[in-house]
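Asks: Got a structure for you, written out below as structure tokens; questions coming shortly.
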Amino acid sequence: MSFDLSSTSWSFSGEGDGTEVAPYVITDVTQLQEMNLDLEAHYVLGNNIDASETASWNEGEGFRPVGTFGKSFSGSLDGKGYQIQDLFINRPLSDNVGLFGYTEGATLDNVGIDGGSCSGDDYVGGLVGNNVSTRISHCHSAIDVNGSDD
């Protein structure tokens with residue numbers, strides 16, 4: 001499976017409208033990937049997310065990190081205590097790699113990642129690869145992380 005994130009016309013496939021009052025509710029791994037399409041929105045997890053299928057996404061590169069240098073994630077994600085399980089990201093030639101590749105001014109609360117692997121070049125982390133002025137609270141990541149920058 002591949003995701004074309006260059007589309008300018010889209011609508012979130014789940015509930016909510018992306019505001020603080022009615023955040024987008026993420027209930028599957030495809031919706032988790034859809035965060036890349038609205039980097040300023042507010043999101044919550046609605047249940048545990050099985051991300052094991054990401055191992056075969058994007059010709060083996062797996063999940064595409066949310067936010068990049070120049071297009072950072074500045075919204076919010078409240079995991080509500082739910083877990084993202086078996087997330088795979090394999091981008092050994094890329095910088096800013098994690099569930100969130102690059103965040104700036106974002107808020108991440110109660111997010112847990114359990115299982116899987118995350119590899120990149122420089123600025124690699126299970127939850128966030130590179131963050132600027134991001135508030136992270138009550139989050140954990142139990143995932144194999146490998147950065148290869150010398």
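Asks: Mean residue ellipticity at 222 nm from the helices of the chain, using -39,500 (n - 2.57) per DSSP H segment of n ≥ 4 over the full residue count, to the nearest 500 deg cm²/dmol?
Replies: Details: 1 runs with 5 residues, N = 150.
After summing the helix terms and dividing by residue count, I get -500 deg cm²/dmol.
Asks: Further, regarding this structure: Using a 10 Å cut-off around each Cβ, can you sort Val97, Val25, Val124 from fewest to most neighbouring Cβ atoms? Walk me through the numbers before you get to the answer.
Replies: Values: Val97 32, Val25 16, Val124 26.
Least to most surrounded, the residues fall as Val25, Val124, Val97.
Asks: Mind checking the dipole of the stretch 2-103: about its Cα centre, +1 per Lys or Arg Cβ, -1 per Asp or Glu Cβ, Debye to the nearest 20? It would help to have the intermediate numbers written out before the result.
Replies: Working: 4 positive and 15 negative charges, 49 e Å.
Here the stretch 2-103 has a charge dipole of around 240 debye.
Asks: Moving on to the next point. May I ask you to sort Thr19, Thr54 by Cβ crowding, counting other Cβ atoms within 10 Å and putting the fewest first? Could the numbers behind the result be given before it?
Replies: Working: Thr19 10, Thr54 24.
Ordered by Cβ neighbours within 10 Å, fewest first: Thr19, Thr54.
Asks: Could you tell me the relative contact order of the chain? Use alpha-carbon pairs under 8 Å, at least six residues apart, and round to a whole percent. Walk me through the numbers before you get to the answer.
Replies: Numbers: 421 pairs, mean separation 27.4, N = 150.
The value is 18 percent.
Asks: Any idea what the relative contact order of the stretch 29-83 is, in percent, if you count C-alpha pairs under 8 Å spaced at least 6 apart? Could the numbers behind the result be given before it?
Replies: Numbers: 61 pairs, mean separation 28.0, N = 55.
Relative contact order for the stretch 29-83 comes out at 51 percent.
Asks: Between (1) 23, 16, 15; (2) 21, 16, 16; (3) 27, 18, 12, which matches semi-axes √(5λ) of the Cα gyration tensor in Å calculated for the structure shown?
Replies: (2)
All of the numbers you see were taken from the coordinates with simple rules; none came from a lab. Values in this document were obtained by computation on a predicted structure and should not be read as measured data. Cβ: placed from backbone, ideal geometry, glycine included. Neighbour counts: every protein chain shown.
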